[in-house]
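What follows is a single structure, written as structure tokens, with notes after it.
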Amino acid sequence: MTIVGGTYLEESVYDNWKELYGSGWRATKFLSHFVEKIKFCTYIDKNYLSVLEYDPLVSSGSVELDLKEINKTLSFKYFNTLSSPKINPSLIDLNNTKNEIFNVSDDVVLRFGFLEGDVKVNSKKVVYDPQSSHSPKLYFDNGSIADELLMVLNLNEAKLLSGKNNIEDMQDSLLVKTTVAVVVKLGPLGGAIISHEGIKYYSAYRTDNVFSIGTGDIFATMLCYYWAIKNETIEKSVENASKAVSVYSSSKCLYIEDNFLDNKFNNLPTYNNIKNKEKNIYIAGPFFNMQQRWLIEEIRNNLMGYNIEIFSPFHNIGRGLASEVVHKDIEGINQSKVMLAALDGLDSGTIFEIGYARAKNIPVVIYVENESEEDLKMMEGTGCDIESNYTTAIYKTIWYALEN
């Protein structure tokens with residue numbers, strides 16, 4: 001099989017993560033434990049050329065490289081794994097650069113979208129992930145051919161390519177030519193499979209830890225493996241790919257055992273089952289200085305977009321006298337399904353809110369990095385879910401909202 005995709009330098013400041021992966025190279029390294037022979041096509045500059053050429057997978061003959069040299073390998077710098085990256089070179093510079101395109105022909109192709117070039121594919125079975133939330137391109141736009149095409153999109157890509165806002169309305173616009181199905185990813189809500197038979201929703205799987213960089217790459221990779229190589233049904237391939245994502249996300253590891261499906265997985269409600277149910281998240285935390293306000297803003301932004309109502313005292317009420325704000329805060333807690341509390345600094349108001357929520361049997365996720373076990377004893381003893389990793393705290397909050 002052939003994998004076509006980017007090789008990029010990835011950095012997350014908060015997570016102390018700096019690695020050379022990108023969609024294509026990550027997919028190649030991950031899938032090499034399941035497939036004996038892979039051809040990998042990518043753009044790379046001379047500074048990182050040797051990293052690929054001297055990789056053990058290449059030296060052993062498991063991976064064959066087809067490389068096109070460019071001036072500068074792209075870098076994606078995140079503040080945390082949920083933030084939007086800064087891309088270097090800029091998208092403006094990339095749009096003004098014309099690199100030689102790839103021409104690929106193979107029985108099975110996993111094609112990721114490129115920022116620095118393009119690929120024209122002729123294949124029997126293709127999984128295509130455009131990986132462009134701003135300007136995704138349909139697989140067939142550049143003359144590519146596939147006997148059977150399975151497309152993987154995030155929700156924004158699906159909206160842009162279909163011109164529709166609702167998943168239920170996208171079928172006719174997306175199932176063009178030889179497209180057998182489109183998988184629309186909905187993050188912690190699982191996703192939807194749009195086929196000629198209709199729409200079927202699938203679950204995500206809960207994990208103890210969450211690392212989100214590369215999860216979409218792993219999903220598309222294992223979807224291709226099970227559907228195009230193992231000839232599983234699309235539904236079964238999606239289920240197995242989602243399970244692989246949960247294993248990768250919880251460990252950051254690209255070397256998972258081929259019997260990983262024997263693990264126990266805790267699946268979550270599907271989007272179809274929860275989209276019309278009332279779900280509220282209460283954000284607790286101080287907002288008395290710039291650092292505190294920035295964190296509350298970041299938390300709120302990362303929780304939005306999942307069909308869940310967010311109540312933030314900072315945004316919904318603001319500052320004021322106790323007689324003006326406290327009863328409104330309490331009412332916000334009473335209506336919530338889960339609370340996410342930012343507790344570094346041990347703000348007295350936040351501690352009260354946590355205690356009140358637990359007394360009402362409302363689940364509480366506490367995001368805290370710098371406080372002692374002794375100071376957190378009461379929270380731990382009353383069943384709060386205490387997390388020191390920001391991304392994990394965000395995802396667990398969403399999962400609690402879906403499950404309650």
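The values are calculated or read from the model by the stated rules, or taken from the named source; none is laboratory data. All of these numbers come straight from a predicted model, not from anything done at the bench. Cβ coordinates were reconstructed from backbone atoms using ideal geometry, including for glycine residues, and neighbour counts include every protein chain displayed. Keep in mind that these areas ignore ligands, DNA and RNA; they rest on the heavy atoms of the full protein, side chains included. Shrake-Rupley method; radii C 1.70, N 1.55, O 1.52, S 1.80 Å.
Nearest 5 is fine: what % of DSSP beta bridges in the chain come out antiparallel, could you say?
25
For Trp17, what charge total do you get from the other residues with a beta carbon under 12 Å from its beta carbon, if Lys and Arg give +1 and Asp and Glu give -1?
Details: positive: Lys18, Lys77, Lys252; negative: Glu10, Glu11, Asp15, Glu19.
My count for the surroundings of Trp17 gives -1.
State the antiparallel share, in %, of DSSP beta bridges confined to the range 150-307, rounding to the nearest 5.
Rounded to the nearest five, the antiparallel share is 70 percent.
Using θ = phi - 60° and the Karplus relation 6.51 cos²θ - 1.76 cosθ + 1.60, list the HN-Hα couplings for the range 127-132 in order, rounded to whole Hz, with x at every Gly or Pro.
So the Karplus estimates, Gly and Pro as x, are 10, 10, 10, x, 6, 8 Hz.
What residues have an amide H closer than 5 Å to that of Ile145, excluding those fewer than 5 places away on the same chain, when H is modeled at 1.01 Å from N in the peptide plane?
Under 5 Å from the amide H of Ile145 lie the amide H atoms of Val121, Asn122, Ser123, each far enough along the sequence or on another chain.
Can you give the accessible area per residue of the chain, in Å², using a 1.4 Å probe? Write down the numbers at each step before the final one.
Working: 18690 Å² over 404 residues.
Here the per-residue accessible area is 46 Å².
Per-residue ellipticity at 222 nm for the chain, helices alone: DSSP H runs ≥ 4 residues times -39500 (n - 2.57), over residue total, nearest 500 deg cm²/dmol?
About -9000 deg cm²/dmol.
If amide H atoms are built 1.01 Å from N in the plane of the peptide, which residues on other chains or at least 5 residues away come under 5 Å of the amide H of Asp118?
When sequence neighbours closer than 5 places are left aside, the close amide H contacts are Phe102.
For the range 202-337, what is the relative contact order in percent, using Cα pairs closer than 8 Å and at least 6 residues apart in sequence? Write down the numbers at each step before the final one.
Working: 140 pairs, mean separation 32.0, N = 136.
For the range 202-337, the relative contact order is 24 percent.
Considering only C-alpha atoms, what is the centroid distance from the range 1-52 to the range 350-379, in Å?
41
Carbon-plus-sulfur fraction of the accessible area of the range 1-100, 1.4 Å probe, in percent?
Here it works out to 45 percent.
Taking Cα pairs under 8 Å and at least six residues apart, what relative contact order does the chain come out at, in percent?
11
Of Lys39/Lys124; Lys46/Lys86; Lys159/Lys200; Lys72/Lys243; Lys177/Lys230; Lys164/Lys185, which sit over 27 Å apart, Cα to Cα?
Where the Cα-Cα span goes over 27 Å, the pairs concerned are Lys72/Lys243.
Relative contact order of the range 259-354, please, whole-number percent, based on alpha carbon pairs below 8 angstrom and at least 6 residues apart. Mind dumping the intermediate values first?
On the way: 92 pairs, mean separation 35.8, N = 96.
Over the range 259-354, the number comes to 37 percent.
Assign one of three labels to the range 313-363, namely rounded, prolate or oblate, based on the Cα gyration tensor with a ≥ b ≥ c the square roots of its eigenvalues; rounded applies when a/c is under 1.5, prolate when it is not and a/b is larger than b/c, and oblate otherwise.
Values: a/c = 1.72, a/b = 1.21, b/c = 1.42.
Note, shape of the range 313-363 comes out oblate.
Would you please give the residues with an amide H less than 5 Å from that of Ala341, counting only those at least 5 places away or on a separate chain, with H modeled from the backbone geometry?
Placed amide hydrogens put Ala284, Val365, Ile366, Tyr367 under 5 Å from Ala341.
Alpha carbon centre of the range 241-276 versus the range 174-238: separation in Å?
Using only Cα atoms to place each centre, the spacing works out to 12 Å.
Within a Cβ distance under 13 Å of Ser60, other residues only, what is the Lys/Arg minus Asp/Glu net charge? If you can, show how the numbers build up before the last one.
On the way: positive: Lys29, Lys37; negative: Glu36, Glu53, Asp55, Glu64.
Net of charged neighbours comes to -2.
If I compute Kirkwood radius over Cα pairs in Å from the structure I just sent, which labelled value in (1) 20.7; (2) 22.7; (3) 24.4 lines up?
(2)
State the extension gain, in nm to one decimal, for the chain segment bounded by Asn272 and Glu257, taking 0.36 nm per residue of separation less the distance between their alpha-carbons. Could you put the intermediate results ahead of the total?
Values: separation 15, 0.36 × 15 = 5.40 nm, distance 3.17 nm.
In short, 2.2 nm is gained.
Read phi for every residue in the range 181-195 and hand back ³J(HN,Hα) as whole Hz from Karplus 6.51 cos²θ - 1.76 cosθ + 1.60, θ = phi - 60°, with x for Gly and Pro.
With coefficients 6.51, -1.76 and 1.60, one gets 6, 10, 9, 9, 7, 10, x, x, 8, x, x, 9, 9, 9, 9 Hz.
Please identify the GluC sites (Glu not before Pro) of the range 303-372 that satisfy two criteria: DSSP loop assignment and at most 14 other Cβ atoms within 10 Å. Which are they?
Glu369
Kindly work out what percent of the DSSP beta bridges joining two residues of the range 96-216 are antiparallel, to the nearest 5.
Of those bridges, close to 30 percent are antiparallel.
For a quick check of your reading of the filter: which trypsin sites (Lys or Arg not before Pro) in the range 190-264 sit in a DSSP loop and have no more than 10 other Cβ atoms within 10 Å?
Filter output for the range 190-264: Lys264.
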